[in-house]
């Protein structure tokens, strides 16, 4: 079975509750950068969504795991993408002022 065909219960069991998939992302030149700004519905004390059952309604940009895999929103250390061939993970660290500026312009100063 391909990882993207797994039942949702299997996906749920893989989650480490790191919260990295719940950060705001930005696409710059075809690469996905992960900001330091968490979704407003993430309880950062326990790293769990406060509206999990209704997350796709409360936050229309919230993706299901299979859609997130296809969109490349997960970091390299995420269990969701361990067996996904040719997956390109989000970029979590960079040393590029132009990237910082682009993220600030779109997401605000608290995203860096």
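The values are calculated or read from the model by the stated rules, or taken from the named source; none is laboratory data. The structure presented is a predicted model; accordingly, all values stated were derived computationally and were not measured. As a convention, Cβ positions derive from the backbone with ideal geometry for all residues, glycine included, and neighbour counts pool all protein chains shown.
Only residues that are closer than 16 Å to residue 20 by Cα and surrounded by fewer than 17 Cβ atoms within 10 Å (Cβ to Cβ) were counted in the stretch 43-58, giving 8.
When the stretch 79-97 is filtered for residues that are surrounded by 12 or more Cβ atoms within 10 Å (Cβ to Cβ) and closer than 16 Å to residue 29 by Cα, the ones remaining, listed by number, are 88, 89, 90, 91, 92, 94.
Yes/no matrix, rows are residues, columns are (1) in contact with a helix residue (DSSP H, G or I) (Cβ under 6 Å, 6 or more places away or on another chain); (2) in a strand (DSSP E or B):
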{"site": "9", "(1), (2)": "no, no"}
{"site": "24", "(1), (2)": "yes, yes"}
{"site": "35", "(1), (2)": "yes, yes"}
{"site": "55", "(1), (2)": "no, no"}
{"site": "87", "(1), (2)": "yes, no"}
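For residue 89, the conditions (1) within 16 Å of residue 22 (Cβ to Cβ); (2) modelled with pLDDT under 95 are fulfilled apart from (2). Determine whether the stretch 66-82 contains at least one residue that is in contact with a strand residue (DSSP E or B) (Cβ under 9 Å, 6 or more places away or on another chain), at positive phi and assigned to a loop (DSSP other than H, G, I, E, B). Yes, the conditions are met somewhere in the stretch 66-82.
Looking only at residues in the stretch 37-47 that are in contact with a helix residue (DSSP H, G or I) (Cβ under 7 Å, 6 or more places away or on another chain) and in a strand (DSSP E or B), the one that is farthest from residue 91 (Cα to Cα) is 42. Criterion first (in contact with a strand residue (DSSP E or B) (Cβ under 7 Å, 6 or more places away or on another chain) and surrounded by fewer than 18 Cβ atoms within 10 Å (Cβ to Cβ)) does residue 102 satisfy it? Considered against the rule, which asks whether it is in contact with a strand residue (DSSP E or B) (Cβ under 7 Å, 6 or more places away or on another chain) and surrounded by fewer than 18 Cβ atoms within 10 Å (Cβ to Cβ), residue 102 comes out as yes.
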